[in-house]
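The values are calculated or read from the model by the stated rules, or taken from the named source; none is laboratory data. Since the structure is predicted, the reported quantities are computational estimates derived from the model, not experimental observations. Reconstructed Cβ throughout: ideal geometry from the backbone, glycine too, with neighbour counts over all protein chains shown.
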Amino acid sequence: MSVITCPNCRTPAPPGAIFCDNCGYDLRAVAPVAQQQTPPTFLVPQSDTGEMVCPNCQHANIAGSAFCENCGAQLTQAKPVAPAQPPAQPAPQPAAQADVPPAVPSSFVTGRLVIQETNVSLTIPASKTSIIIGREDPVSGVFPDIDLDPHGGHEAGVGRRHAQILSQGGQMYIEDLDSVNGTIVNKQKISSRQPYLLHSGDELRLGKMALVYYDR
């Protein structure tokens with residue numbers, strides 16, 4: 001079988017070709033050369049359009065061609081290759097829930113006050129972070145948490161809003177609220193508006209009234 005080889009791009013062409021299909025070179029003056037070798041056989045997968053592209057010269061041949069019409073290479077259609085499947089992705093796992101610390105209950109004032117003179121025990125109201133000790137006065141709109149007026153508070157010089165017991169950081173404190181007659185803890189007068197650490201069994205004096213604080 002004779003072929004014409006394009007001197008410009010070395011692409012083979014069938015005898016009688018006028019121009020090179022690859023570069024357009026004028027082949028009319030090029031003499032055909034006998035081709036002794038058997039054209040190689042290529043496994044050519046069929047394209048999406050049905051054409052068979054020759055791997056030797058990239059010429060598009062019609063589907064089912066046994067030889068390339070451009071270079072004569074033998075074409076054998078390969079079995080279609082199944083497209084590679086992407087690796088299976090693992091199912092998404094639910095995000096681990098962060099450990100939520102249990103709610104810490106608020107620190108409330110606890111305990112009771114015992115009037116020394118009468119040994120009357122006054123329970124501190126529950127679920128409060130601070131409690132006011134004084135004397136009730138509806139006219140002034142003063143309603144302390146612990147009212148000492150029925151226990152001789154007026155005669156002892158207890159103010160309407162005399163002092164408060166408050167909880168801070170799990171500890172109890174007593175604070176004088178600018179009382180006229182002052183607040184004394186274990187025979188020591190404390191400064192107004194300055195919380196003073198309170199322990200179970202401490203003696204408190206509001207004016208002349210003596211009380212003992214117990215934490216339960």
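Table: residues versus (1) over 49 Å from the mean Cα position of the chain (by Cα); (2) farther than 15 Å from ASP145 by Cα.
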site	(1), (2)
ARG161	no, no
GLN168	no, yes
GLU175	no, no
ILE184	yes, yes
LYS187	yes, yes
SER192	no, yes
GLU203	yes, yes
LYS208	yes, yes
TYR214	no, yes
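Looking across the stretch 26-54, the residues that are closer than 15 Å to ARG10 by Cα, modelled with pLDDT of 75 or more and surrounded by 15 or more Cβ atoms within 10 Å (Cβ to Cβ) come down to LEU27, VAL30. Before we move on, is THR110 loosely packed, with under 13 Cβ neighbours inside 10 Å and either in a loop (DSSP other than H, G, I, E, B) or basic (Lys, Arg) (or both)? No, not satisfied.
I'm trying to understand the selection: among the residues of the stretch 179-212, which are β-branched (Val, Ile, Thr), assigned to a strand (DSSP E or B) and free of Cβ contacts under 8 Å to residues at least 24 places away in the same chain?
Once the filter is applied, which keeps residues that are β-branched (Val, Ile, Thr), assigned to a strand (DSSP E or B) and free of Cβ contacts under 8 Å to residues at least 24 places away in the same chain, the stretch 179-212 yields THR183, ILE184, VAL185.
Checking the stretch 117-127 against the condition returns a match, with at least one residue being touching a Phe, Trp or Tyr at 6+ places or on another chain (Cβ under 6 Å) and at pLDDT below 95.
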